[in-house]
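The values are calculated or read from the model by the stated rules, or taken from the named source; none is laboratory data. The model shown is predicted, which means the values in this text are computed figures rather than measured ones. Quick reminder, even Gly has a Cβ in these numbers, built from the backbone with ideal geometry, and neighbours come from all protein chains shown. Keep in mind that these areas ignore ligands, DNA and RNA; they rest on the heavy atoms of the full protein, side chains included. Shrake-Rupley method; radii C 1.70, N 1.55, O 1.52, S 1.80 Å.
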Amino acid sequence: MASKGRTWVYDEKNDKVYVGNFDPGTVDSHTAHASLAKNAGYHRTDEGLYGGSVKHTGSNEWEVAGVSRTINELKYGDKNAPPEVVDRVADKLAQGDYKTVSKAGSVNPGTKKWNL
């Protein structure tokens, strides 16, 4: 059975990626991206913040997507994050340079390098 995907938000101003396992309604009835942003210390409308996901494609491989209606579309008018943002997020995940965010609100350094 393939494991569930993850949600990410990227703070372009500070070059930080946050990853969590959030579903809609996880935090105060927010969407998954809004919940992750809130628990990472942001608001979904903060300038320079983008959202997307990492989906498991099998055999320990993952794919990064930059789709978020909650963050990208509502703020920038396009549900898709710019390709350079998605590429930067993929690079940081592959290097293990990201933070994990829990539903309880703890933020910790990432512990793995993603096979993308």
Per DSSP H run of at least 4 residues, take -39500 (n - 2.57); add these up for the chain, divide by its residues and hand me the 222 nm value, nearest 500 deg cm²/dmol. -5500 deg cm²/dmol
Note on segment 57-99: alpha-carbon gyration tensor, axes a ≥ b ≥ c; rule is a/c under 1.5 for rounded, else prolate if a/b larger than b/c, else oblate; result prolate
By the C-alpha gyration tensor axes a ≥ b ≥ c (rounded if a/c is under 1.5, else prolate when a/b exceeds b/c, else oblate), the shape of the chain is rounded
Among 100, 57, 70: highest mean-square fluctuation, GNM of the chain, C-alpha pairs under 10 Å: 57
Which percent of the accessible heavy-atom area of the chain goes to carbon and sulfur, probe 1.4 angstrom? 45
Bridge type composition, the chain - antiparallel percent by DSSP, nearest 5: 85
Per residue, how much accessible surface does the chain expose to a 1.4 Å probe? Answer in Å², no decimals. 54
For the chain, the longest stretch holding no trypsin sites (Lys or Arg not before Pro) located in a DSSP loop with at most 11 other Cβ atoms within 10 Å is which? 14-111
